[in-house]
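Peer 1: Here it is, the structure, as structure tokens.
The values are calculated or read from the model by the stated rules, or taken from the named source; none is laboratory data. Everything quoted here is computed from the prediction, not taken from an experiment. Methodologically, a virtual Cβ is constructed for each residue, glycine included, from the backbone with ideal geometry; neighbour enumeration extends over all protein chains shown. For accessibility, only protein heavy atoms count, side chains too; no ligands or nucleic acids. Shrake-Rupley method; radii C 1.70, N 1.55, O 1.52, S 1.80 Å.
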Amino acid sequence: MASCVIERLQLSRKPGRQKSVNDGHSYPLKNVGLCQPSSCKIPSKTVRGFSDSSGNDKGGSFRDDDLWEKMQEEAKSNSSQEPLLSRYYQNSILSHDSLESALANQLSDKLGSSSLCGEALCGLFGGVFSEDKEIMECVKEDLRAAKERDPACIGYLHCFLNFKGFLACQAHRVAHKLWSHGKRSLAVVIQSRVSEVFAVDIHPAARIGRGILIDPATGVVIGETAVVGNNVCILHNVTLGGTGKASGDRHPKIGHGVLIGAGTCVLGNVRVGDGAKIGAGSIVLKDVPPRTTAVGNPARLVGGTVPAECPGNVIHENRVTRH
């Protein structure tokens, strides 16, 4: 697999010089027969029962406040405060001239192996990031989501370098694009390496929105026909999977602004509506209405749109039934 990619690259980069996805080592999408898709945008028509809202809690796209410049400033500040890490920040951030280049380098360093050339991966990731501006907008919104919604995140650089949920999500965006354009063997190899390195298994066909926070990410599994909306928070050991009794469209559809607690399983082609919350350790087998809280095994509706006098309701098909 790697040798096929390597043949298309001129692997002559010298250590220590500035790296760029446009310096002749990128892997142009024309080399893999790709065109420009809109793979990160979730058409509302494909998610039945959800609102047409984009789910952006801040409104509009990521504000253009030069995120890359902020990350470079953080790297310089951290280097001066901790000299032991100065070379690490230099190689990861300061030696690059763009966010696209730094992200391609970070992912290839993490996912490269003895049989899958990191240099080839860097060219592949860099080519996708430089050509698909929508993916990069999603990357920025994912960074902002971590900074604004995770109390443990101390800066954009902290997320970029250390949050494996963030890195796994960006690798998935590339794998999804490859999958969508027929490069399925390569997409599956990326999925496999992400699973091995980050303990996050997202099928390349799954559709993921923007502003995603997957934290701390260990044990997250998202199936082939799953759809995840915008501004969704997914904690560890979450499964968006099938029941094993169906084929075809068999995985959950998660709306915008949903919170899925740790250890939760959402199974089957069920809908979790916009703004819903799923409590930790819950098993969800039926639809969850928008702006509703569901907890337990099987999941029961305990808040939100559920009447206060009916705290013990259980989800059953499209009805609310006394538990």
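Peer 1: Checking Val128 against (1) crowded, with 24+ Cβ neighbours inside 10 Å; (2) closer than 22 Å to Val258 by Cα, which single condition isn't satisfied?
Peer 2: Of the numbered conditions (1) crowded, with 24+ Cβ neighbours inside 10 Å; (2) closer than 22 Å to Val258 by Cα, the odd one out for Val128 is (2).
Peer 1: For Ala104, which of the numbered conditions (1) in contact with a Cys (Cβ under 6 Å, 6 or more places away or on another chain); (2) open to solvent by 40 Å² or more (accessible area, probe 1.4 Å); (3) not acidic (Asp, Glu) fails to hold?
Peer 2: Every condition holds for Ala104 apart from (2).
Peer 1: Let me ask something additional. Looking at Ala308, is it among the small types (Gly, Ala, Ser), at pLDDT 95 or above and over 17 Å from His203 (Cα atoms)?
Peer 2: When the stated conditions are applied, Ala308 does not pass them.
Peer 1: Can I ask one more? Look at Lys70 and say whether it is closer than 12 Å to Phe125 by Cβ and open to solvent by 30 Å² or more (accessible area, probe 1.4 Å).
Peer 2: no
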